[in-house]
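In what follows, a structure is listed as structure tokens, so that the remarks can point back to it.
A short reminder: the numbers here are calculations on the coordinates, not readings from a lab. The shown structure was predicted, so the numbers you read here are calculated from the model rather than taken from an experiment. Glycine also receives a Cβ, built like all others from the backbone with ideal geometry; neighbour counts cover every protein chain displayed.
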Amino acid sequence: MVAQALGPVRRKFAPWNNPAAEPFIEFRRVTKRFGDFTAVDDLSLAIYEREFFALLGPSGCGKTTLMRMIAGFESQTSGDVLLDGQSLAGIPPYRRPTNMMFQSYALFPHMSVEANIAFGLKQARMPKGEIAARVEEMLALVKLTPFAKRKPHQLSGGQRQRVALARSLAKKPKVLLLDEPLAALDKKLREETQFELVDLQQRLGLTFVIVTHDQEEAMTVADRIAVMNQGRIVQVATPAEIYEQPNSRYVADFIGDINLLEGHVVTTFDRVVRMECPGTGAIVEVDQDLDAARGDAAWFAIRPEKVAISLDPPAGEAINTVAGEVWDIGYLGDVSIYHVRLPTGATVKATVTNRTRLVERPISWDDRVWLSWSRDGGVVLTQ
């Protein structure tokens, strides 16, 4: 049987756009305080069944606290947490249909791989025959059957991660909670494992909730991302919406690389915003429906890959075109990042894909260059 890409499947999955869809996990005005510190502040959130949901944010933003409240390791100070329509208040962790995979993996060093996977099943007093069958199923699922008799210290980091994942899935929870599950892996293995997680979640049909501070990880695995800051959710959206249509400077700056230029609104007419940006020394035009008045403070946000750079001025009208001098160049192999200093003193970054193997660059340090972008290349933010 030929493997089928997950893309078409995921494109059809969007229960959050269905007003009749009921949330599978729901936070209703939840607050969590530790003494005088508020870790989660009056937060409401809906996560849907079979969704791969990511909680993304810097350390201390409250994302792990949210996950621990689902698992039952923390209780909210106020508000309510519901799972499949039932309040989780007063239900101990071992009676919740959830399981948690910890960042440290927490494997028993004296036990074999199969014994680690079987541990939770034995605690639940499952019959021996069923335990053996479930362990065999989990080993096959994570492709570790040949390593069943090995101890954790005899495995690679990626293999230990798979054992922890198999153990978390062995009891067939309704919700799998993943706390920075790939943090201990090297970059290449982490990238490979991200796609394996997505494939696994699809095959099992479970709800996955992942906590991470890694933007690329969240963008790769998640159906939707909640960006958090100081105990609050700043934006909940799909990865593409978070990246292309951030709702604030915080989200725009936190996700990926971006140019942020301060200015004020000149006009908003017929879905075109004209904005004066002192940093560029020019008027910027953006295709956007914006609720703002003339003179309102605003910021023009544009990703470096949306900015074209050339040694010659672009042909045609000079809208969204500025000239400057190449100040610095970062070579990353697949792309080169140009830092261009404008006459105003502002610096704008432009990313160019290295499509050939030529080492010599057509554009080099101190060259005078022109930067340009389309009307739909960036976004105007008012908060």
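Which residue, Ala164, Ala14, Ala124, has the most motion in a Gaussian network model of the chain that connects Cα atoms within less than 10 Å?
Top of the fluctuation ranking is Ala124.
Using a Gaussian network model on the chain with a 10 Å cutoff between Cα atoms, which of Asp287, Asp366, Asp253 fluctuates the most?
Asp366
Residue by residue through the stretch 216-231, what is 3J(HN,Hα) from phi via Karplus (6.51 cos²θ - 1.76 cosθ + 1.60, θ = phi - 60°)? Round to whole Hz and write x for glycine and proline.
5, 4, 4, 5, 6, 8, 8, 6, 9, 10, 9, 8, 10, 7, 6, x
Ranking request for peptides 257-270, 219-232: highest mean number of other beta-carbon atoms within 10 Å first, then the rest in descending order. Each step should come with its number before you reach the end.
Numbers: 257-270: 15.6, 219-232: 21.2.
The peptides rank, most packed first, as 219-232, 257-270.
Counting only residues 5 or more places away or on other chains, whose amide H sits under 5 Å from the amide H of Val40 once H atoms are built in the peptide plane?
Lys32
So how much slack lies between Gln245 and Glu130, counting 0.36 nm per residue of separation and subtracting their Cα-Cα distance, in nm?
Working: separation 115, 0.36 × 115 = 41.40 nm, distance 4.89 nm.
Length gained, Gln245 through Glu130: 36.5 nm.
Putting +1 on Lys and Arg Cβ atoms and -1 on Asp and Glu Cβ atoms, find which of Pro97, Ala292, Gln201 reaches farthest to the positive end of the dipole of the chain.
Looking along the dipole axis, the top candidate is Pro97.
Which whole-angstrom value gives the distance between the alpha carbon centres of the stretch 10-36 and the stretch 37-66?
10
Need the list of lysines near Lys122 for cross-linking: C-alpha distance under 18 angstrom, and skip anything on the same chain fewer than eight residues off.
Excluding near neighbours in sequence, the set is Lys149, Lys171, Lys172.
Points 7 angstrom from Cα along the Cβ direction at Ala148 and Leu189: gap in nanometres?
Distance between label points: 2.4 nm.
Between the stretch 176-227 and the stretch 262-304, how many Å separate their Cα centres?
Centre-to-centre (Cα) distance: 36 Å.
Quote the FRET efficiency, to the nearest 0.05, computed for Gln230 versus Ser104 with a Förster distance R0 of 22 Å and r equal to the Cβ-Cβ distance. Kindly include the intermediate steps, with their values, before the conclusion.
Values: r = 26 Å, r/R0 = 1.19.
Efficiency computed from Cβ-Cβ geometry: 0.25.
Give the calculated FRET efficiency between Asp367 and Arg95 to the nearest 0.05, with a Förster radius of 56 Å applied to their Cβ-Cβ distance.
0.25
Per DSSP helix of 4 or more residues, -39500 (n - 2.57); summed, then divided by the residues of the chain. What does that give at 222 nm, rounded to the nearest 500? Display every interim value, and only then the final one.
On the way: 9 runs with 89 residues, N = 383.
Theoretical 222 nm ellipticity from helices: -7000 deg cm²/dmol.
Calculate, for Thr344 and Leu204, the FRET efficiency according to 1/(1 + (r/R0)^6) with r their C-beta to C-beta distance and R0 51 Å; round to the nearest 0.05.
The formula returns an efficiency of 0.40 here.
Note down the nm distance, to one decimal, between modelled labels 7 Å out along Cα→Cβ at Phe34 and at Ser59.
Placing both labels 7 Å along Cα→Cβ, they lie 1.2 nm apart.
Residues of the stretch 221-246 with amide nitrogen under 16 Å from the 7 Å Cα-to-Cβ point of Ser44?
Label zone hits: 232-236.
Net charge within 14 Å of Pro246 by Cβ-Cβ distance, Lys/Arg positive one each and Asp/Glu negative one each, not counting Pro246 itself?
Value of the local net charge: -1.
Can you give me the C-alpha center-to-center distance between the stretch 116-167 and the stretch 84-106, rounded to a whole angstrom?
Comparing the Cα centres of the stretch 116-167 and the stretch 84-106, I get a distance of 20 Å.
Which residues in the stretch 267-309 have a backbone N closer than 14 Å to a point placed 7 Å from the Cα of Ser374 along the Cα-to-Cβ line?
286-288, 303, 305-308
Given H placed on each backbone N at 1.01 Å, which residues far from Val234 in sequence or on other chains put an amide H within less than 5 Å of it?
Val227, Met228, Asn229
Residue by residue, what Karplus-based ³J(HN,Hα) values in Hz, rounded to whole numbers, does the stretch 202-208 have, using 6.51, -1.76 and 1.60 with θ = phi - 60° and x for Gly and Pro?
Couplings: 5, 5, 7, x, 9, 8, 10 Hz.
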